[in-house]
1. In whole Å, what is the distance between the alpha-carbon centres of the stretch 164-223 and the stretch 21-54?
2. Per 0.36 nm of contour for each residue apart, how much would the distance between residue 103 and residue 11 grow if the chain were fully extended, relative to their Cα-Cα spacing?
3. For the chain, give the magnitude of the charge dipole about the Cα centre (Cβ charges: +1 Lys/Arg, -1 Asp/Glu; no others), in debye to the nearest 20.
4. Mind checking the dipole of the stretch 53-171: about its Cα centre, +1 per Lys or Arg Cβ, -1 per Asp or Glu Cβ, Debye to the nearest 20?
5. Run through the stretch 94-186 and list the GluC sites (Glu not before Pro) located in a DSSP loop whose Cβ has at most 13 other Cβ atoms within 10 Å.
6. Report the dimensions of the stretch 110-166 along its three principal axes from the alpha-carbon atoms, largest first, rounded to Å.
7. Could you pull out the GluC sites (Glu not before Pro) across the stretch 1-98 that fall in loop regions by DSSP (anything but H, G, I, E, B) with no more than 14 other Cβ atoms inside 10 Å?
8. Explain nothing, just compute: Karplus ³J(HN,Hα) = 6.51 cos²θ - 1.76 cosθ + 1.60, θ = phi - 60°, for every residue of the stretch 30-37 in order, whole Hz, x for Gly and Pro.
Amino acid sequence: MLAVNLARVNDRIHQAARRSGRTPDGIQLIAVTKSVSVETARELHQLGVPNLAESRPQKLWEKHDSIPEARWHLIGHLQRNKLERTVPLCSLIHSVDSLRLLTALDAFGRKHQPVPILLQFNCSHEEVKGGFQPEQVHELADILPGLIGLRIEGLMTMAALHADPDLCRPAFAELRSVRDKLQQRTGLSLPSLSMGMSNDFEVAIEEGATMVRLGSILFEGVS
Ligand SMILES: *Cc1c(COP(=O)(O)O)cnc(C)c1O
């Protein structure tokens, strides 16, 4: 079942890429394993998915212990008291959502080695969602070039849940536009756009996603 789901998902990623005149190589599948066991996560990794993600630091520690050969991504909130233990296990932290966390990660990276991160933006304008506001782009542009403890690879967002995924399009387009502005103002290169989940990944790809974070669609029918 897992192999079938994966083949279907890869096929849909490829089709969405082609529809938007992009090459499928430019889109990474990040498999979100938060709802499945270590065994299922390992099986998926062995089917050829190198990138796995968890949203809670403790769960990432546990699964990383069992599957250290995967490239692990943190996609949920990182409390600063868990930073030291979490950062060394992560290939990429997608969910840097506040100036306080940004500063703490920068300090950690200066002591050790630059920390690969994405800046999480709240483009759905829902109060419950974390992240920087698109209006903070000027403030961020002033400080990002000085953060030499970080390797800022791009931006991340979560769209609101809509029955019609096309309604997510403005949030994805906004993230891309925020990225373009940050690049222009800082001269930094911010190639990665982590956007799109099971419900809306094809629209996200059409709007420029380079990473889609998929959970439920991969594990449907998998016990
Ligand atoms: C759970 C989660 C996902 C995956 O969601 P699905 O709808 O199961 O694909 C993606 N991104 C984040 C930040 C999540 O917390």
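Any read-out appearing in this document is the output of simple, stated calculations on the displayed coordinates, not a laboratory observation. If you're wondering where the values come from, they're calculated on a predicted model, not measured in any experiment. Note that we place each Cβ from the backbone using ideal geometry, even for glycine, and neighbour counts take in every protein chain shown.
1. About 16 Å separates the Cα centre of the stretch 164-223 from the one of the stretch 21-54.
2. Details: separation 92, 0.36 × 92 = 33.12 nm, distance 3.98 nm.
Full-extension gain reported as 29.1 nm.
3. It comes to approximately 500 debye.
4. With Lys and Arg at +1 and Asp and Glu at -1, about 500 debye.
5. Values: sites: 126, 127, 135, 139, 153, 174; in loops: 126, 127.
Answer by residue number: 126, 127.
6. 45, 22, 19
7. Within the stretch 1-98, the qualifying GluC sites (Glu not before Pro) (loop, at most 14 other Cβ atoms within 10 Å) are 69.
8. With coefficients 6.51, -1.76 and 1.60, one gets 9, 8, 8, 9, 4, 9, 10, 6 Hz.
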